[in-house]
Every structure is written in C-alpha cells, then in structure tokens.
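**Student:** Structure in structure tokens, see below.
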Amino acid sequence: MAASAPIRNDVNVDLACFQVDDQVYGIDVLSVREILRSVATTPLPKAPRLIDGVVDLRGAVIPVVDLGRALGRSAVRETGDTRIALVEVDELVFGLRVDAAVDVISADASTLEEPPALATHAGYDAVRAVARREGQPPVLVISLEHVLESVYRSAPNDAEAGEHPAPAVGSSR
C-alpha cells in the first residue's frame, strides 16, 4: 500500500469535516466525491469486519466502511444525522459511514502539522495531519490509505472463518 499522501503545500487546504463519536475528523475535499444521507447496506458474506455492506448508487455497487470501527472507536449509530461520505483513494471508491457531516473548512497550510512524533513512532498512522483552529479543538486529518489498510487487515482469514484449506492433489484427506 502506498504511503500516506504528503500534506499539500497549497496556501489553503479545504477539509470536509465529519464527526465520529465526539471527535471531528477532516478529509481533503479533493478525495470526497459526495456526501449522502445514510441508507441501509446489504451485508456481504465473509467481507472484512469493517465493511458494513454495500449500497447500490446510480448503478454502481459501493462498499461502505464504518469509520468509527476503522479508527478503533465505537461503531457509528444510525441517527437522522448519520451520513455516508463517498471517497476515492488509489482509484478505489468507497463509502465512510460517519455520525454527522459537520462542515467544510479552509485551513491555511501553515496551520497543518504532522501528528506528534510519539504517536507516529508508536505505529499510529490513522491521522496524517492535525489542523489547528484558534479557540477550537484541532481537526484530525484522516489518512484514507490507513483506512483501506485497516479494512484489508480486518478481513477474516480461512482459519478464523472456520474453513479448511482444500486438500492437496493426491492427498488422502
């Protein structure tokens, strides 16, 4: 998987902000295709546990990931504010279920900082930047690459799924 995209050096970076639990997270608007009201998903048998299921959106089948669970927080609870943010990374389109769409902010590139060194040295890579805001808590800028890696890692392997590998040709199983 490719490393997280570097923080852009533009004068301003527009961030679509979403709430998960009580925390606000941002995603570069260039990665967000659209934001939808939450809809029921169709579960996929044996899908990675972070995938809620799929939705049929204008003829395309889109997987939906619970961003709360992907970030190690509680699962997103369905309310009237729940949204699905359609995002694209590495030419892959998927949905992120979030508690609410909060805002779109324009952050001056000088207010974006790398995550604290202690967190990154400890292997934490869900956040690629922190956007400081005067008088408000910072916005944590999500690494969509990390979200994808979390989904891949959450896939059940054959042993966990209770399946047995196919016997080798000529085996007397």
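**Student:** What's the center-to-center distance, using Cα atoms, between the stretch 8-49 and the stretch 123-151 in Å?
**Tutor:** 12
**Student:** While we're on this one: Please report the net charge: other residues with Cβ closer than 14 Å to the Cβ of ASP81, K and R +1, D and E -1.
**Tutor:** Within the 14 Å Cβ shell, the charges total -1.
**Student:** Further question on the same structure: What is the spin-label model distance, in nm, from ALA75 to ALA60 if the labels are put 7 Å beyond Cα along the C-beta direction?
**Tutor:** For ALA75 paired with ALA60, the spin-label model returns 2.7 nm.
**Student:** Please give, to one decimal in nm, the separation of the simple spin-label points placed at LYS46 and THR82, each 7 Å out from Cα toward the Cβ.
**Tutor:** It works out to 2.7 nm between the two label points.
**Student:** Here is a follow-up. Find, among the GluC sites (Glu not before Pro) in the stretch 46-102, those assigned to loop by DSSP (not H, G, I, E, B) with at most 15 other beta-carbon atoms within 10 angstrom.
**Tutor:** On the way: sites: GLU78, GLU88, GLU91; in loops: GLU78, GLU91.
Listed in order of number, the matching sites are GLU78, GLU91.
**Student:** Can you pull the one-decimal nm distance between simple spin-label points at ARG153 and SER106, each 7 Å off the Cα toward Cβ?
**Tutor:** So the label points at ARG153 and SER106 sit 3.7 nm apart.
**Student:** Then there is this: For a quick protection proxy, order the peptides 93-102, 46-55 by their average other-Cβ count within 10 Å, most packed first.
**Tutor:** 93-102, 46-55
**Student:** Would you work out the relative contact order for the stretch 38-155, in percent, from Cα pairs under 8 angstrom that are 6 or more residues apart?
**Tutor:** Details: 186 pairs, mean separation 25.8, N = 118.
Relative contact order here is 22 percent.
Just so you know, all these numbers are worked out from the coordinates, no wet-lab data involved. What you are looking at is a predicted structure, and each value in this text was computed from that prediction instead of being measured. Using ideal geometry, Cβ is built from the backbone for each residue, glycine included, and neighbour counts are taken over all protein chains shown.
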